[in-house]
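**Q** Just passing along the structure, written as structure tokens.
The values are calculated or read from the model by the stated rules, or taken from the named source; none is laboratory data. This is a predicted model, so every value here is computed, not measured. No Cβ is skipped: glycine too gets one built from the backbone with ideal geometry, and neighbour counts run over all protein chains shown.
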Amino acid sequence: MDMTEGYGEGLNPVADKSEFILSLFEQLDKKGLGAKQKSIIDRCTSLVYSECEKNNEIPTLIKLREKLLEQPEKEAGELALSLELFTNGSLNIFAHKTNVDTNNRIISYDIYNLGKQLKAMGLLVITDALINRVADNYKKGKRTHIFIDEIHVLFENEYSATFFNSAWRQFRKRNAYPTAITQNVESLLASVESRTMLSNSEFIVMLNQATSDREKLADLLSISDEQLSYITNSEAGCGLIRYGSLLVPFINEFPKDTKLYKLMTTKPGE
């Protein structure tokens, strides 16, 4: 629940944060949230930030659950119960103050070992942390570089997909350079949000693509059959660049007998 100055897209950062908290709750309960539940969460989120600012404390999900338990409505107790596993239970990894120095110049988030139940929440929390860092750097006049490997994972969940699509727009508005990397183009393009994100990106590098991936890319980016030949059975380091409205083929053969090649290669045999 960290929130830096300038958080969100509007003039009310607490309201934007409330939408993020609603996304967390919605992925905890697949039945979704009713109007009463959304109102209670919004009310408690505002109360938590108001009290924490007054007492100079860091807001956490634990404080949010405590605030839910103070409310008179039956629905508030149910919401607190659904949050218990992730605050006081065994999956409470995101409920406390962070033990990561978020002022480090380089931060790497690894979701590989998150269990199935924590994965969706983890994706939301990490995306929210990126928004905070970008907003903070923008305020300081610093540019932020964001690299997301296996980005198709972010679009496997409805709530993380919607939230990340909003974050992608915020990154671009605030002098951040987000770079998305994936080998699973077909699964990425199955999401409406990711198709919008990709079509609005100014710079795309395409290497060798499978048949189904080529067809979807051709449809999305208006690539001709002749241009598709550059990403059909192409050698390593060869492909097609989309820059704005231009499509440019490239050959980037790198000498293998150099120290730089040994540093950069990711082939297991090398």
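**Q** Under 7 Å by Cβ, and 6 or more places apart or on different chains, what pairs join a residue from region 256-270 that is aromatic (Phe, Trp, Tyr) with one that is assigned to a loop (DSSP other than H, G, I, E, B) and surrounded by 10 or more Cβ atoms within 10 Å (Cβ to Cβ)?
**A** Tyr261/Phe254
**Q** When you scan region 18-30, do you find a residue that is farther than 30 Å from Lys140 by Cα and over 26 Å from the mean Cα position of the chain (by Cα), even just one?
**A** no
**Q** Looking at Asn208, Asn157, Asn165, which is the one that is of a type outside the set (Phe, Trp, Tyr), in contact (Cβ under 8 Å) with a residue 24 or more places away in the chain and under 27 Å from Glu235 (Cα atoms)?
**A** Asn208
**Q** Turning to a different aspect of this structure: Specify the residue that is modelled with the highest pLDDT; the eligible residues are those in region 99-132 that are charged (D, E, K, R) and either surrounded by 12 or more Cβ atoms within 10 Å (Cβ to Cβ) or under 21 Å from Gly6 (Cα atoms) (or both). Steps first, please.
**A** Taking region 99-132 and keeping what is charged (D, E, K, R), we get 101, 105, 110, 116, 119, 128.
From what is left, the residues that are either surrounded by 12 or more Cβ atoms within 10 Å (Cβ to Cβ) or under 21 Å from Gly6 (Cα atoms) (or both) are 101, 105, 119, 128.
On the way: Asp101: 84, Arg105: 91, Lys119: 80, Asp128: 85.
Taking the candidates together, the pick is Arg105.
**Q** Also: Return the pair list, or none, for Cβ contacts closer than 6 Å from residues in region 110-121 that are in contact (Cβ under 8 Å) with a residue 40 or more places away in the chain to residues that are part of a loop (DSSP other than H, G, I, E, B), at least 6 apart or on different chains.
**A** Ala120/Asn157
**Q** How many of the residues in region 9-55 are surrounded by fewer than 17 Cβ atoms within 10 Å (Cβ to Cβ) and part of a loop (DSSP other than H, G, I, E, B)?
**A** Within region 9-55, residues that are surrounded by fewer than 17 Cβ atoms within 10 Å (Cβ to Cβ) and part of a loop (DSSP other than H, G, I, E, B) number 9.
**Q** What number of residues within region 64-87 are within 16 Å of Phe25 (Cβ to Cβ) and either assigned to a loop (DSSP other than H, G, I, E, B) or touching a Cys at 6+ places or on another chain (Cβ under 7 Å) (or both)?
**A** 8
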